[in-house]
Amino acid sequence: MTSDNSSAATRLPLSISAMFPCYNDATTIAGLVDDVHSVLAPLTERCEVIVVNDGSTDGSREVLDALLADRPWLVVVHHDRNRGYGGALLSGFAAAQYDWIFYTDGDAQYDAKEAATFVPLATNDVDVVQGYKMGRGDTLTRKVIGRCYHHVVKLLFRLPGRDTDCDFRLFRRQLIIDRPLQSTTGVICVEMMRNFNEQGARFVETPVHHYFRPSGRSQFFRLPAIARSARQLLALWWRMVVRG
């Protein structure tokens, strides 16, 4: 991994598919869609925005369908039932047309406009532009759990980088074509980073802001969800590290 942001590196014109998983994010998703397109469109040859509505029950479907009326660059995928975070990412990645994929979450804890800062870093000798959080916009309990999670997965899966749990990434689509992802749960991010590392992907890291969730509740920071994630991580570790 490298953190050299040298401007001497050659940057080719990019075509980007920007993607958001959406689960009960009716209050935030429209703003994120417009924000990411407004900053990426001037910097790219081609740009599309994909939203995967993962079985939302809060009116997200209606919000997204209304957006389609005057946004020809928007693609919406509806799941009739919730398939999990990984399932939403898999659908979004499968819908992507362009050579680079940017994704972040639909709950507005990240500022989608910061995607613009990633574009100059995607040079011809970089495969993944990886964000890391400048502080965490969460309660103290969630900050502690988040850091523990980071260190555990970093150790178990021998992952590089300072923030493996930061879902603000820009990467070459070819990486997931050459080695398709399988996980349908939140551990897909660990699988993704492990796959990228095993493929010899060239990383550059850059800081991003992280804010308190403006509405709704995280599905991860609950005891049943944490227990499920622990089981899923162990299963993934057995498949990817032990069995190889």
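Considering only the stretch 60-169, give the helices (runs of 4 or more DSSP H) lying wholly within it that have at least 1 residues that are in contact with a helix residue (DSSP H, G or I) (Cβ under 8 Å, 6 or more places away or on another chain), within 21 Å of Arg46 (Cβ to Cβ) and touching a residue at least 60 places away in the same chain (Cβ under 8 Å). Talk me through it step by step, then tell me what you get.
Values: elements: 60-67, 85-95, 140-157.
So the answer is 85-95.
Can you find a residue that is modelled with pLDDT of 95 or more, touching a Gly at 6+ places or on another chain (Cβ under 7 Å) and part of a loop (DSSP other than H, G, I, E, B) anywhere in the stretch 6-20?
Quick first cut of the stretch 6-20, residues modelled with pLDDT of 95 or more only: 15-20.
Keeping just the survivors that are touching a Gly at 6+ places or on another chain (Cβ under 7 Å) gives 19-20.
Keeping just the survivors that are part of a loop (DSSP other than H, G, I, E, B) gives none.
No, there is no match, as no residue in the stretch 6-20 is modelled with pLDDT of 95 or more, touching a Gly at 6+ places or on another chain (Cβ under 7 Å) and part of a loop (DSSP other than H, G, I, E, B).
Among the residues of the stretch 158-180, which ones are in contact with an Asp or Glu (Cβ under 6 Å, 6 or more places away or on another chain) and closer than 27 Å to Asn82 by Cβ?
Correct list: Asp167, Arg173.
Considering each residue of the stretch 21-59, count those that are assigned to a helix (DSSP H, G or I), among the small types (Gly, Ala, Ser) and closer than 14 Å to Asp107 by Cβ, and give that number. Explain how you work it out, then say what you get.
Here is the first cut: in the stretch 21-59, the ones assigned to a helix (DSSP H, G or I) are 29-43.
Those left that are additionally among the small types (Gly, Ala, Ser): 30-31, 38, 41.
Imposing the further condition that a residue be closer than 14 Å to Asp107 by Cβ reduces the set to 30-31.
Number satisfying all stated conditions: 2.
Within the stretch 79-87, does at least one residue satisfy the condition of being in contact with a Leu (Cβ under 7 Å, 6 or more places away or on another chain) and at negative phi?
Here is the first cut: in the stretch 79-87, the residues in contact with a Leu (Cβ under 7 Å, 6 or more places away or on another chain) are none.
Checking the stretch 79-87: not a single residue is in contact with a Leu (Cβ under 7 Å, 6 or more places away or on another chain) and at negative phi.
I need the full set of residues from the stretch 170-188 which are touching a residue at least 60 places away in the same chain (Cβ under 8 Å), touching a helix residue (DSSP H, G or I) at 6+ places or on another chain (Cβ under 9 Å) and closer than 25 Å to Cys47 by Cβ, in order please. Walk me through how you get there before you give the answer.
Restricting attention to the stretch 170-188, the residues satisfying the condition of being touching a residue at least 60 places away in the same chain (Cβ under 8 Å) are 170-174, 176, 181, 183-188.
Within this subset, residues satisfying the condition of being touching a helix residue (DSSP H, G or I) at 6+ places or on another chain (Cβ under 9 Å) are 170-171, 173, 176, 181, 183-188.
Correct list: Leu170, Phe171, Arg173, Ile176, Leu181, Ile188.
Checking Pro120 against (1) over 20 Å from Gly106 (Cα atoms); (2) touching a strand residue (DSSP E or B) at 6+ places or on another chain (Cβ under 9 Å), only one condition comes out false. Which one?
It fails just one condition, (2).
Using the structure shown, decide if Pro72 is under 24 Å from Val52 (Cβ atoms) and either over 13 Å from the mean Cα position of the chain (by Cα) or at pLDDT below 95 (or both). Explain how you work it out, then say what you get.
Working: under 24 Å from Val52 (Cβ atoms): yes; either over 13 Å from the mean Cα position of the chain (by Cα) or at pLDDT below 95 (or both): yes.
Judged against the criteria, Pro72 is a match.
Find the residue count for the stretch 16-58, including only residues that are in contact with a Ser or Thr (Cβ under 9 Å, 6 or more places away or on another chain) and more than 15 Å from Thr117 (Cα to Cα).
The total comes to 23.
The values are calculated or read from the model by the stated rules, or taken from the named source; none is laboratory data. Model, not experiment: these values are computed from the prediction. Neighbour counts are summed over all protein chains in view; Cβ atoms, including those assigned to glycine, are modelled from backbone coordinates with ideal geometry.
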